[in-house]
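Shown next, in structure tokens, is the structure this report addresses.
The values are calculated or read from the model by the stated rules, or taken from the named source; none is laboratory data. Quick caveat, the model's predicted, so the values are computed rather than measured. Here the Cβ is made from the backbone with ideal geometry for all residues, glycine too, and neighbour counts use every protein chain on show. Please note that ligands, DNA and RNA were not included when accessible areas were found on the heavy atoms of the full protein model with its side chains. Shrake-Rupley method; radii C 1.70, N 1.55, O 1.52, S 1.80 Å.
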Amino acid sequence: GTNNDVKVARCANRACTGVASINTVDGAATVGRGIALAIGNDGFPVMSYADINGGDLKLAKCIDVACNAAPTISSVDAAAAVLADSTAIMIGADGNPVVLYSDATNSALKVAACGNPSCSTPATITVVRDFPSGAVHAGDIVLAADNRPMFCHGAFVGGVPLVEFAHCSTADCAGGVVDAVIDNQAGLQLQSCSLLLTAGGLP
């Protein structure tokens, strides 16, 4: 929008009728694309997003339920030109955020596993998919029953669009991934895919 701020709106009730509490999380210039939201183990919001001015991946950790107080804001990856509208976040079994995002500079899909709940210490950053002659868009990421991330994403490879599913071999994805092509029909729109698990643990 006009200000490119990152904001949080906390509804007054489950139907979100009435006046919501709206707070600015990050009001720095030209930020606030590709926002993804999770709730930390402390019950407070945590979000990933792209700084479209510098291309950094950022993470904001609120210290109350409505983000009234100033959150902790961390630059997680300053080496990536993060694609707008292309981050996803989950909370790992250790209570720390895990972020899926695309590095437009290197046509790579990355996972950043934070070292603490606010990601204020260096994260473990892993290239999980590399498309040197294509483009990739982060989709969605969830925690599987084995405490390892699962995610989906879209990519253009050799001019062919595809949607992939992947299951990380380790909790931080540094051990590699097992992936499978879900769909590769012509005309796919790859900016978005969503992922959830059934009661039986199937994606």
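Each residue, Cys16 and Asn4, gets one label point 7 Å from its Cα in the Cβ direction; the gap between the two is 2.5 nm.
Accessible surface for the chain, divided over its residues, is 47 Å² per residue with a 1.4 Å probe.
Between Leu197 and Val127, the contour length at 0.36 nm per residue exceeds the Cα-Cα span by 22.8 nm. Ignoring lysines fewer than eight residues from Lys7 along the same chain, the ones with Cα atoms less than 20 angstrom from its Cα are Lys58, Lys61.
What is the percent carbon and sulfur in the accessible area of the chain, measuring with a 1.4 Å probe over the protein chains and ignoring ligands? If you can, show how the numbers build up before the last one.
Numbers: 4960 of 9450 Å².
Ligands and nucleic acids excluded, carbon and sulfur reach 52 percent.
When a/c is below 1.5 the answer is rounded, else prolate if a/b is larger than b/c, else oblate, so apply that to the range 93-200 with a ≥ b ≥ c taken from the square roots of the Cα gyration tensor eigenvalues. Oblate, because a/c is 1.5 or more while a/b does not exceed b/c. Computed from point charges on the beta carbon alone (+1 for Lys and Arg, -1 for Asp and Glu), the dipole magnitude for the chain about its Cα centre is near 360 Debye.
Protection proxy ranking, highest mean first, for peptides 90-102, 169-181, 111-123: 90-102, 111-123, 169-181, where packing is the per-residue count of other beta-carbon atoms within 10 Å, averaged. So, R0 is 35 Å and r is the distance between the beta-carbons of Ile39 and Val160; what FRET efficiency does that work out to, to 0.05? That pair, Ile39 with Val160, gives E of 0.40.
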